[in-house]
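The values are calculated or read from the model by the stated rules, or taken from the named source; none is laboratory data. Please read these numbers as outputs of a predicted model, since none were measured by experiment. So basically every Cβ, Gly included, is an ideal-geometry build from the backbone, and we count neighbours across all protein chains shown. For the accessible areas, the whole protein counts, side chains as well, though only heavy atoms, and no ligand, DNA or RNA atoms are used. Shrake-Rupley method; radii C 1.70, N 1.55, O 1.52, S 1.80 Å.
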Amino acid sequence: MSSVRELDEYFEKLKTDFPIFSERPDLVYLDNAATTQKPLAVIEKLKNFYTETNANVHRAVYRLAEESTMLYEDARKTVADFVGGKATEVVFTKGTTESLNMLAYSLGLSGKYKSFVGPLFEHHSNFVPWQRIAHITGLKFYPVKIHGGELSLEDVEAVVKSCEKPFIFSMTGLTNSLGYRPPFEAIVELVHSADGLFVLDGAQLIPHEAFDFKASGVDFLAFSGHKILGPTGIGVLVGKKELLEQMNPFQYGGEMIDRVGEQETTFAPVPHKFEAGTPNVAGAVGLAEALRYVKNAGFEKITQHIENLTKNAIEKLTDIPGLILYCQKKCHGIISFSHENIHPHDLAELLSRLSGVAVRSGHHCSQQQLKALGVSSLCRASFYLYNTHSDIDKLFYGIKDALRWFS
Ligand code: PMP
């Protein structure tokens, strides 16, 4: 295990792989839960794809198209290896939101499930689609209450026991609002033993810790490329093959069919039946490069470094009079805060204007979570591998300068 300083120096060197930081040397980017910056390797990969290999996939037999198809399918394999799944279990989507909508519509409209269960701290993309499907289909909708920003296993157990079966349970592996990592491993077993399906929203978890789809036992996993150094517009749904095979497609059109008759159509095998139309080929290839980058950087090092940054930030920010931290027992990579005298939007704007520090402010697409905390808006600083302890200092002094300016 490397020391805090060794890790900081290691990641400071890696920061030079990210051109945005040489273009904007004063930028202190702390909005990584929203999206991450891209290393040159990913940018070059996209450029090379468009300059050397661009063609549609799975359609034509000429050489260029075959090469493009090969790159796309290699990218699928890289994603599968990264999360411990099989290539046939990996569906490319636009992002976590589309992956979760795909599940909500496909599972919800199947008529097989009687109810949906999920915690109130979910990102809207893991809440609203299920709520909407429940309205459309009559599926019973059971939100699980939260305590501050945490979930109690007893509450989950009570809802899981009493809800109508079979049911779907969907939750995040790391909350985007407070950086709370719920004990989802224990809930997977609980859900399975009660005739439920377990869906994991990995949008925040997958960039932050090594994950093994098969070993985890979850039925579905969703995540986004852009939060793990990849391009925007590409994401993933990983699903157990037998479950994907039972599901109806979410969208219909080109390349997802087997045979089209006048009245009936049969569909391509998984995962292709879920990829109607022209996919984001460049995005998939770019995502695979991003995952290779993360793997080479070393996942254990990334997790430890972000843990160190989080601890340092909590210690420093705790010392600022009037600043309220909304960390749960343990925050990972995300710290939400507000100040008793200044609105979060004003604080975020001053941080940017006076100190070049980029933090998010608002409800973080988790209005029910903020309601449970009794607030309508928070500032959020979120870290990724290229952040260093000097960024934490800049955040600390930036908040102090903003408060001085405001008063
Ligand atoms: N779930 C969580 C926990 C998230 O943090 C986000 C993005 N903030 C999403 C889902 C949605 O991801 P995307 O916007 O990439 O579809």
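Below is a table of values for the structure above.
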quantity: HIS147 versus GLU245: modelled label distance in nm, points set 7 Å from Cα along the beta carbon direction; calculated: 4.3 nm
quantity: Net length gained if the chain between SER22 and LEU40 were fully extended (0.36 nm per residue, minus Cα distance); calculated: 5.3 nm
quantity: Global form of region 65-219, assessed from the alpha-carbon gyration tensor, a/c cut-off 1.5; calculated: prolate
quantity: Point-to-point label distance, SER376-TYR252, nm (Cα→Cβ direction, 7 Å offset); calculated: 4.4 nm
quantity: Disulfide-incompatible cysteines by the Cβ rule (no partner under 4.7 Å) in the chain; calculated: CYS163, CYS365, CYS379
quantity: Max mean-square fluctuation residue, GNM over the chain, Cα-Cα springs under 10 Å, options THR266, THR69, THR232; calculated: THR266
quantity: Ranked packing of 315-322, 272-279, most packed first, by mean Cβ within 10 Å; calculated: 272-279, 315-322
quantity: Degrees separating the helix 344-355 axis from the principal Cα axis of the chain, which is the longest one; calculated: 70 degrees
quantity: Tilt relative to the chain, helix 389-406 - C-alpha long axis, 0 to 90 degrees, to 10; calculated: 60 degrees
quantity: Region 43-295, relative contact order [Cα under 8 Å, separation at least 6], %; calculated: 25 percent
quantity: Virtual spin-label span in nm between TYR10 and GLN304, 7 Å along Cα→Cβ; calculated: 0.6 nm
quantity: Within region 43-295, percent of DSSP bridges classed antiparallel, to nearest 5; calculated: 45 percent
quantity: Centroid-to-centroid separation of region 102-143 and region 336-407 [C-alpha atoms, Å]; calculated: 32 Å
quantity: Cα-based helix-to-principal-axis angle, 128-137 vs the chain, degrees rounded to 10; calculated: 40 degrees
quantity: Length added when fully stretched, HIS345-LYS214, from 0.36 nm per residue minus Cα-Cα; calculated: 43.0 nm
quantity: Where a label projected 7 Å from the Cα of ARG353 along Cα→Cβ would reach, residues of region 367-407 with amide N under 14 Å; calculated: 401-407
quantity: Gyration tensor (alpha-carbon) shape descriptor, the chain, a/c threshold 1.5; calculated: oblate
quantity: DSSP-defined antiparallel bridges as percent of all bridges, region 172-320, nearest 5; calculated: 65 percent
quantity: Mean separation of Cα contacts under 8 Å (6+ apart) over length of region 1-66, as relative contact order %; calculated: 21 percent
quantity: Relative packing of 343-355, 378-390, 248-260, 100-112, which averages over residues the other C-beta atoms within 10 Å, highest first; calculated: 378-390, 100-112, 343-355, 248-260
quantity: Probe 1.4 Å, protein heavy atoms only - accessible area per residue of region 43-295 in square angstrom; calculated: 41 Å²
quantity: Relative contact order (%) - region 170-219, alpha-carbon pairs under 8 angstrom, separation at least six; calculated: 44 percent
quantity: Peptides ranked, highest mean first, by Cβ atoms within 10 Å: ranges 75-84, 365-374, 27-36; calculated: 27-36, 75-84, 365-374
quantity: Cα-based shape type of region 290-396, given that a ≥ b ≥ c are square roots of the gyration tensor eigenvalues and the cut on a/c is 1.5; calculated: prolate
quantity: Residues in region 346-371 that a label on TYR397 would reach, taking backbone N under 12 Å of a point 7 Å out along Cα→Cβ; calculated: 355-356
quantity: Reachable lysines from LYS316, criterion Cα separation under 20 angstrom, eight or more residues apart if same chain; calculated: LYS329, LYS330, LYS394, LYS400
quantity: Length released on extending from PHE406 to LYS330, taking residue separation times 0.36 nm less the Cα-Cα span; calculated: 24.3 nm
